[in-house]
Amino acid sequence: MSRGGLTIEGIDRLIHEPARLIVMTILNAVESADFLYLQRETGLTKGNLSAHLAKLDAEGYITIEKTYKGKIPLTICRLSEAGRIAFGRYRAEWEKFMKKTRLKRA
């Protein structure tokens, strides 16, 4: 990704997409979150959230558990260990990029 000569070399494009970045940030802060909580916090539609969760799940960044609370279906999402590592790398790369941006402006 380039902007005026600056590049983000190690950025994880899967995480960098705004909706997935919000989901990853939320899941990094909690032990687990159910689908409705994620939908409420992100403002995404059910279909859109499902699509983003499927991409993160396919990459192994999250785990999705389908269960029931009484007779009501419940989908629980958790950040996997691989997801925690990838998110940590993403944040480190983003911070390096931001540091370079500040130095260029100074």
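The values are calculated or read from the model by the stated rules, or taken from the named source; none is laboratory data. Fair warning: this is a prediction, and the values are worked out from it, not measured in the lab. Reconstructed Cβ throughout: ideal geometry from the backbone, glycine too, with neighbour counts over all protein chains shown.
The table for this structure:
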| read-out | value |
| --- | --- |
| Residue in region 75-86 that is touching a Leu at 6+ places or on another chain (Cβ under 9 Å), exposed (fewer than 14 other Cβ atoms within 10 Å of the Cβ) and modelled with pLDDT of 95 or more present | no |
| Identity of the residue in region 95-106, of a type in the set (A, V, I, L, M, F, W, C) and assigned to a helix (DSSP H, G or I), that ends up surrounded by the fewest Cβ atoms within 10 Å (Cβ to Cβ) | L103 |
| Residue satisfying all of: in region 51-74; hydrophobic (A, V, I, L, M, F, W, C) and modelled with pLDDT of 95 or more; farthest from Y37 (Cα to Cα) among these | A58 |
| Residue, nearest to the chain's Cα centre (by Cα), within region 33-66, restricted to residues that are part of a loop (DSSP other than H, G, I, E, B) and loosely packed, with under 13 Cβ neighbours inside 10 Å | G60 |
| Complete set of residues in region 26-63 that are farther than 21 Å from G88 by Cβ and aliphatic (A, V, I, L, M) | L36, L44, L49, A51, A54 |
| Odd one out for E9, checked against (1) in a helix (DSSP H, G or I); (2) among the acidic types (D, E); (3) modelled with pLDDT under 95 | (1) |
| Members of region 67-94 that are among the basic types (K, R) and either within 17 Å of N28 (Cα to Cα) or in a strand (DSSP E or B) (or both) | K69, R78, R84, R89, R91 |
| Any chance L21 is of a type in the set (A, V, I, L, M), in contact with a strand residue (DSSP E or B) (Cβ under 8 Å, 6 or more places away or on another chain) and surrounded by 15 or more Cβ atoms within 10 Å (Cβ to Cβ) | no |
| Near pairs, Cβ below 9 angstrom, 6+ apart or cross-chain, from region 1-17 (under 12 Å from F97 (Cα atoms) and of a type outside the set (V, I, T)) to any residue that is part of a loop (DSSP other than H, G, I, E, B) and at pLDDT below 50 | E9/M1 |
